[in-house]
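Report on the following structure.
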Amino acid sequence: MSIPRLATTIPTSFDPQLPVNAGPVPKNERPKVPVIRVFGTTETGQKVCAHVHGAFPYLYIEYQGSLNPKEVNTAIRTLQLSVDHALAISYRRNAYEKKMAYVAHITFVKGIPFYGYHVGYRFFFKIYLFNPMNMTRLADLLRQGAVMKRVLQPYESHLQYLSQWMCDYNLYGCAYLKSSKVTFRAPIPTYLGNSTHIWHDRSIPESAVLDNSILPRQSHCDLEVDIHVQDIINRSEVKERPIHQDFVEMFQPLEPDKKLVPSLAGLWEEEARRRRSKLNPSDADSGSSFRPEELVSMSADPRKTGPGGWVHEEEYRTKMQAVADEEHLGRKPTYTDFVATTSFEATIRSALSSVEDLFPGNIQVMEPEDFGIDKMAEESRAHVDVDESLIVTPRQEGFSYDSDDDDVNDSFLHEQEVEIAGNLEPKSAD
């Protein structure tokens, strides 16, 4: 079992240095960043506290402007300034104080809306915040039209921060978190304490142990480790299925035994391990712990991917063809190129791949200089675009927790905890 908890802390060497436009600011003067603390056990029963760094809460808003890189970067900078300004006023802070930052980063992504039927990519700004507690207020400001002086529909703002993180990295309750690289906080267990355990002073290299004065322990668990989100292996088990960017789904039929709910795979694997452990040695080499009759599909029929018939289908198809013939289009569209695309589209990350936006090495790629843009000129074009008359402060809404005292505000944030079930399996790099 595990109890992931949210905490905000001063950035460490494990955290990305944000916002990128802040320049060389001392770490203790940068905004606090979220850290997820996951409590669980290894397969041999060692209790673990894992500090997961680099996961930031986010939401999307649709972008319908020019795809020119200069225009996109100016729009991103204007949006960042406007969101920071609107949130500062909403919380009754000094909106012109440089250290008052709520937005960690904004990236440009492509995706397809989930609700309704949509074909073809649309473009979005992905807004990362430093603190998950500001997400609901930002969504309200966007819907009220306070930011950019027009109503903006937020996407995925209703998702809880921890649930969002687990979805992005393919993590489930009562399952293992697998990491390719972990750093241990001293002191570490001794081999003589329990030789049946995997992680101890004889198996953990000294280079993987942090100096206690740099990052001291914060729990009483046997093991305490630091993990960066880029090292979580579970995410690599999910593959993107590009089937809605055009009418190509019918040309990519699924295999009958293809499973599209990977969260159940862990249950099957665990049951298979349990059954294999009870098999006789002579039967263990068969490769499967299940009898053939136990693997028969429980579905009434195999999945059918071919076209099916509908009532009045032929009649409607005839009418549709008649309408198409009347249009006399100069270009005869096909299923594979019906949606018009741009050359710039191929360079934009999809919503799934944008999870890697804040990985080390990826943040700098998004700087204006990489598009041949003069940063000073880009900054001069950006401006605050906020309708302050539409902003309602927490006190006006009757909230009692808002205060000008940052310490009171921080104490409220640290009390917010969410409990879910899960396990932790740290793995050293090969």
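The values are calculated or read from the model by the stated rules, or taken from the named source; none is laboratory data. Bear in mind the structure is a predicted one, so any value in this text is a computation, not a measurement. No Cβ is skipped: glycine too gets one built from the backbone with ideal geometry, and neighbour counts run over all protein chains shown.
Just to verify a result, which residue in the stretch 88-113, among those that are touching a residue at least 12 places away in the same chain (Cβ under 8 Å) and among the aromatic types (Phe, Trp, Tyr), is farthest from Tyr128 (Cα to Cα)?
That would be Tyr91.
Looking only at residues that are assigned to a helix (DSSP H, G or I) and surrounded by 11 or more Cβ atoms within 10 Å (Cβ to Cβ) in the stretch 320-346, which one is modelled with the lowest pLDDT?
Step one: list which residues in the stretch 320-346 are assigned to a helix (DSSP H, G or I), which gives 320-327, 343-346.
Retained after the next criterion (residues that are surrounded by 11 or more Cβ atoms within 10 Å (Cβ to Cβ)): 324, 344-345.
Working: Ala324: 81, Phe344: 78, Glu345: 82.
Residue satisfying both the conditions and the ranking: Phe344.
Tell me the residue from Val72, Val52 that is out of contact with any helix residue (DSSP H, G or I) (no Cβ under 7 Å at 6 or more places or on another chain) and either modelled with pLDDT of 95 or more or not in a loop (DSSP other than H, G, I, E, B) (or both), please.
On the way: Val52 fails: out of contact with any helix residue (DSSP H, G or I) (no Cβ under 7 Å at 6 or more places or on another chain).
Answer to the selection: Val72.
Does Leu295 satisfy being more than 24 Å from the chain's Cα centre (by Cα), at pLDDT 75 or above, on the phi < 0 side of the Ramachandran plot and not hydroxyl-bearing (Ser, Thr, Tyr)? Explain how you work it out, then say what you get.
Values: more than 24 Å from the chain's Cα centre (by Cα): yes; at pLDDT 75 or above: no; on the phi < 0 side of the Ramachandran plot: yes; not hydroxyl-bearing (Ser, Thr, Tyr): yes.
Against the criterion (more than 24 Å from the chain's Cα centre (by Cα), at pLDDT 75 or above, on the phi < 0 side of the Ramachandran plot and not hydroxyl-bearing (Ser, Thr, Tyr)), Leu295 does not qualify.
Among the candidates Pro34, Pro16, single out the residue that is part of a loop (DSSP other than H, G, I, E, B) and crowded, with 16+ Cβ neighbours inside 10 Å. Lay out the reasoning, then the answer.
Values: Pro34 fails: part of a loop (DSSP other than H, G, I, E, B).
After ruling out the rest, the residue left standing is Pro16.
Which residue is modelled with the highest pLDDT, if the candidates are limited to the stretch 165-191 and must be of a type in the set (Gly, Ala, Ser) and surrounded by 20 or more Cβ atoms within 10 Å (Cβ to Cβ)? Steps first, answer last, please.
Pass one, the stretch 165-191, residues of a type in the set (Gly, Ala, Ser): 173, 175, 179-180, 186.
Of the ones still in play, those that are also surrounded by 20 or more Cβ atoms within 10 Å (Cβ to Cβ) are 175, 179.
Numbers: Ala175: 83, Ser179: 94.
Top of the filtered list is Ser179.
Sort out which residues of the stretch 127-144 are loosely packed, with under 15 Cβ neighbours inside 10 Å and more than 23 Å from Gly111 (Cα to Cα), and write them in order of number.
none
Which residues, taken from the stretch 42-90, are surrounded by 19 or more Cβ atoms within 10 Å (Cβ to Cβ) and small (Gly, Ala, Ser)?
Matches in the stretch 42-90: Ala50, Gly54, Ala55, Ala75, Ser82, Ala86, Ala88, Ser90.
Residue under question is Ser157, and the condition is that it be surrounded by 14 or more Cβ atoms within 10 Å (Cβ to Cβ) and not in a helix (DSSP H, G or I); does it hold? First the steps, then the outcome.
Numbers: surrounded by 14 or more Cβ atoms within 10 Å (Cβ to Cβ): yes; not in a helix (DSSP H, G or I): yes.
Yes, satisfied.
What number of residues within the stretch 91-115 are buried (at least 18 other Cβ atoms within 10 Å of the Cβ) and either modelled with pLDDT of 95 or more or under 21 Å from the mean Cα position of the chain (by Cα) (or both)?
Applying the first criterion (buried (at least 18 other Cβ atoms within 10 Å of the Cβ)) to the stretch 91-115 yields 91, 95, 101-111.
When the remaining residues are screened for being either modelled with pLDDT of 95 or more or under 21 Å from the mean Cα position of the chain (by Cα) (or both), the result is 101-111.
Within the stretch 91-115, residues that are buried (at least 18 other Cβ atoms within 10 Å of the Cβ) and either modelled with pLDDT of 95 or more or under 21 Å from the mean Cα position of the chain (by Cα) (or both) number 11.
Taking into account only those residues within the stretch 75-95 that are in a loop (DSSP other than H, G, I, E, B) and among the charged types (D, E, K, R), which is nearest to Ala382 (Cα to Cα)?
Our first condition is that a residue be in a loop (DSSP other than H, G, I, E, B); within the stretch 75-95, this holds for 91-95.
Now narrow it down to the ones that are among the charged types (D, E, K, R): 92-93.
On the way: Arg92: 23, Arg93: 22 Å.
The selected residue is Arg93.
Exactly one condition in (1) of a type in the set (D, E, K, R); (2) under 26 Å from Tyr115 (Cα atoms); (3) part of a loop (DSSP other than H, G, I, E, B); (4) within 22 Å of the chain's Cα centre (by Cα) is false for Lys259; which is it?
(4)
If a residue has to be buried (at least 16 other Cβ atoms within 10 Å of the Cβ) and farther than 19 Å from Val147 by Cβ to count, how many in the stretch 116-126 make the cut?
Within the stretch 116-126, the first condition is being buried (at least 16 other Cβ atoms within 10 Å of the Cβ), and the residues that meet it are 121, 123-126.
Checking which are farther than 19 Å from Val147 by Cβ leaves us with 121.
Total meeting the criteria: 1.
Kindly indicate the residue of the stretch 212-256 that is part of a loop (DSSP other than H, G, I, E, B) and among the basic types (Lys, Arg) and also surrounded by the most Cβ atoms within 10 Å (Cβ to Cβ) among those meeting that condition. Working first, answer last.
Filtering the stretch 212-256 down to residues part of a loop (DSSP other than H, G, I, E, B) leaves 212-222, 238-248, 252-256.
Next cut, among the basic types (Lys, Arg) only: 217, 239, 241.
Working: Arg217: 13, Lys239: 7, Arg241: 11.
Among those that are part of a loop (DSSP other than H, G, I, E, B) and among the basic types (Lys, Arg), it is Arg217.
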